[in-house]
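Accompanying notes for the structure given below.
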Amino acid sequence: MCSIIGYYGIDTAAPILVKGLKRMEYRGYDSVGVATKSEDRINLKKGVGKVSEVNNTEQLDKLPGTIGIGHTRWATHGKVTDKNAHPHPSNSGRIAIVHNGIIENFSELKKILEKKNYTFKSETDSEVIANLLQMHYDEKSDVKESLIETLRDLKGHYAFVAMFEDGTLAAARFHEPLIIGVGKESYFLSSDVLGFIEQTDDAIYVDNGDFVLIDSAGLQICNFDGTPVKKQITKVSKEFADAYKGDYAHFTLKEISEQPDTIIKAGENTIEAIEQATDYIKHAKNVYITGSGTSYNAALVAKYLMSKYAKIKLEPIISSELPFSPDSIEPNSILIAISQSGESADVLEAVNIAKKSGAKIISIVNLLTSSLVQESSVVIGMNCGPEIGVAATKSFTSQLGIIYKVTEKICAGCIGVDFEKISALIAKILSSHSKIMEVAKQLKDVSDIYILGRGIHYPIASEAALKLKELTYIHAEGIPGGELKHGPLALMDSNVFVVIINPNDSTYNDTITSAREIKARGAKIIGISDKKSDVYDYWIEIPTIEESMFPIIEIIPIQLLAYYSALEKETDPDYPRNLAKSVTVK
Ligand code: G6P
């Protein structure tokens, strides 16, 4: 996943583009580049590294001109090199493009172009777009015609912006996001409203299968066959402008710290949808639940809760596994799809498959303008504001909040969830960082961490392992407590740390026994519990609450532990290596 941006206006483009790219860096951040148009030529600079690093060395923001395009990359085709960074110029240098997505037929297209003597400087799939546009432009001498021809040739998922040397910007959207920002005397093209929110809150969401042309005559939007379409300007919610770190050192810490507030807000922007979802689930023959990464861990909590309290069986399916699942989705089913971004390709594919079997989709999603929303019959909003840190934190507890709210509705209040109380307890945990910082110091040189939990705490152990992997690059694995003796015990020795998720509830005694077995093999134990025990080498205290509610609060100290361990290891908690916030490619 990458971010693309374009600017057409009266101000100098490059600093605006660089600012926008910085705000979209969560989408991909291994390399960056900018191209601008001045005096009928295209200037282009790019390099490997984060936006600020490359800007320092290449002075991207000093390029002249009032029209330009930019890109941050998350490598898919071709290594992380200067050459593979975008923008890519066409052979003549008269067109430059930035692209997000995958061109599936790029090798066939490349062969066709090579036969016509086009050469390629990068290993990317994207470069074919630049040369295809050039080939058609040389034939047709018309930007719109050459764009239509190019779109006929391309197969795959893409959003791209092309800048022609006369200054025309041409962009197209096919299963990757593209939004137009409309300023007073300017236009923006961007993967995310964050790319232009500082300049304007007027936006046009480009539909799938539409293209955009911006030139001195203004803005034109057409579908892929060239028929003009009319689109409304929408006001973008001001909350998106909120994506600043403020006084926090990192977005991740800011987002962890927002949870006393976001847990209360979960689903509050879509109250009716919660009612509707409840009704659908109650009357469905089969209910499946899917997601990727953190969102899948939330689905595992849902299975447990719904089964125990609402007496409804949910089948959790990892989104990327659904295409290979031997059992098809039964007719008249419900698929609950959980996705912060609403753009994860695996989730969208799972939804597509389920819809083909006649399933209705209930989505739990943060970005209400996302592709998942378009595919859903019922949409419940996480309502937690923009999450920039690549590792999901506040969106996870918001997902849990919604799952609890829906379960509670189905079982007519049988859990007795008190979100005000949970909010206060999260705030309490957040205010006692010092113990967690001390434990984080111990993890600096550790190579393996295991996280153990039973019952409803096992999904939290999985999520804890994911957070530790993403933020610290330490090998981490979640283990269902009872499975310890069926294998993982062989790994326990004095080099290992084990986090025991062990609130004083029905799982406590069994888990403390597991902890003793581990300790006897020399491993160090970190206990996350409301009850002290001599088995813990380090005790991270959490407040006492009803058993069903522990998952929401016990993940908080682990998020902090992963964050502070990242600081100890000097990794970048906001932008872990090799990852991207939402993976919009398969
Ligand atoms: C990526 C991110 C994970 C996230 C997963 C699902 O892998 O790195 O942090 O949990 O996508 O994202 P979604 O937006 O679908 O919840």
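Name every residue in region 560-586 that is in contact (Cβ under 8 Å) with a residue 60 or more places away in the chain, in a loop (DSSP other than H, G, I, E, B) and away from the ligand (no atom under 14 Å from the Cβ), in order of residue number.
571, the sole residue that qualifies.
What about residue 536, is it more than 16 Å from the ligand (Cβ to nearest atom), under 22 Å from the mean Cα position of the chain (by Cα) and farther than 28 Å from residue 302 by Cα?
no
Within region 200-222, track down each residue that is small (Gly, Ala, Ser) and either surrounded by 19 or more Cβ atoms within 10 Å (Cβ to Cβ) or part of a strand (DSSP E or B) (or both).
Within region 200-222, 203, 218 meet the criteria.
Taking residue 425, is it under 30 Å from residue 314 (Cβ atoms) and outside the structural domain of residue 533 (by TED's automatic domain parsing)?
yes
Of the numbered conditions (1) farther than 15 Å from residue 402 by Cβ; (2) touching a residue at least 24 places away in the same chain (Cβ under 8 Å); (3) not aliphatic (A, V, I, L, M), residue 327 fails exactly one; give the number of that condition.
For residue 327, the exception is condition (2).
Across region 350-368, which residue is farthest from the chain's Cα centre (by Cα) among those that are in a loop (DSSP other than H, G, I, E, B) and within 15 Å of the ligand (Cβ to nearest atom)?
It comes out as 368.
Condition first: surrounded by fewer than 21 Cβ atoms within 10 Å (Cβ to Cβ) and in a loop (DSSP other than H, G, I, E, B). Now tell me which residues in region 110-134 satisfy that.
Listed by number, the residues that qualify are 116, 117, 118, 119, 120, 121, 122, 123.
Being basic (Lys, Arg) and under 11 Å from residue 334 (Cα atoms) is the filter here; which residues of region 347-383 pass it?
Of everything in region 347-383, those that are basic (Lys, Arg) and under 11 Å from residue 334 (Cα atoms) turn out to be 355, 360.
Could you pull out the residue among 252, 294 that is within 14 Å of the ligand (Cβ to nearest atom), over 18 Å from residue 403 (Cβ atoms) and either within 26 Å of the chain's Cα centre (by Cα) or not in a strand (DSSP E or B) (or both)?
252
Here is a yes/no grid of residues against (1) at pLDDT 95 or above; (2) more than 28 Å from the chain's Cα centre (by Cα); (3) among the hydrophobic types (A, V, I, L, M, F, W, C):
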site	(1), (2), (3)
148	yes, yes, yes
151	yes, no, yes
166	no, yes, no
180	yes, no, yes
188	yes, no, yes
194	no, no, yes
197	no, no, yes
204	no, no, yes
215	yes, yes, no
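Quick check on my filter: what residues within region 318-329 are surrounded by 14 or more Cβ atoms within 10 Å (Cβ to Cβ) and over 19 Å from the mean Cα position of the chain (by Cα)?
322, 325, 329
Can you find, within region 467-488, the residue that is farthest from residue 516 (Cα to Cα) among those that are surrounded by fewer than 22 Cβ atoms within 10 Å (Cβ to Cβ) and touching a residue at least 40 places away in the same chain (Cβ under 8 Å)?
Filtering first and then ranking leaves 473.
Considering each of 70, 65 in turn, give the residue that is in a strand (DSSP E or B) and either in contact with a Ser or Thr (Cβ under 9 Å, 6 or more places away or on another chain) or crowded, with 24+ Cβ neighbours inside 10 Å (or both).
Only one candidate qualifies: 70.
Take residue 296 and tell me if it is surrounded by fewer than 18 Cβ atoms within 10 Å (Cβ to Cβ) and under 30 Å from residue 571 (Cα atoms).
no
For region 135-153, give me the residue count where each residue is in contact with a Lys or Arg (Cβ under 7 Å, 6 or more places away or on another chain) and surrounded by 23 or more Cβ atoms within 10 Å (Cβ to Cβ).
Residues that pass the stated criteria total 1.
Only one of (1) without any contact (Cβ under 8 Å) to a residue 60 or more places away in the chain; (2) near the ligand (Cβ under 10 Å from one of its atoms); (3) outside any helix (DSSP H, G or I) is not met by residue 347, so which one is it?
(3)
The values are calculated or read from the model by the stated rules, or taken from the named source; none is laboratory data. Not measured: the values here are computed from a predicted model. FYI the Cβ positions are ideal-geometry reconstructions off the backbone, even for glycines, and counts take in every protein chain you see.
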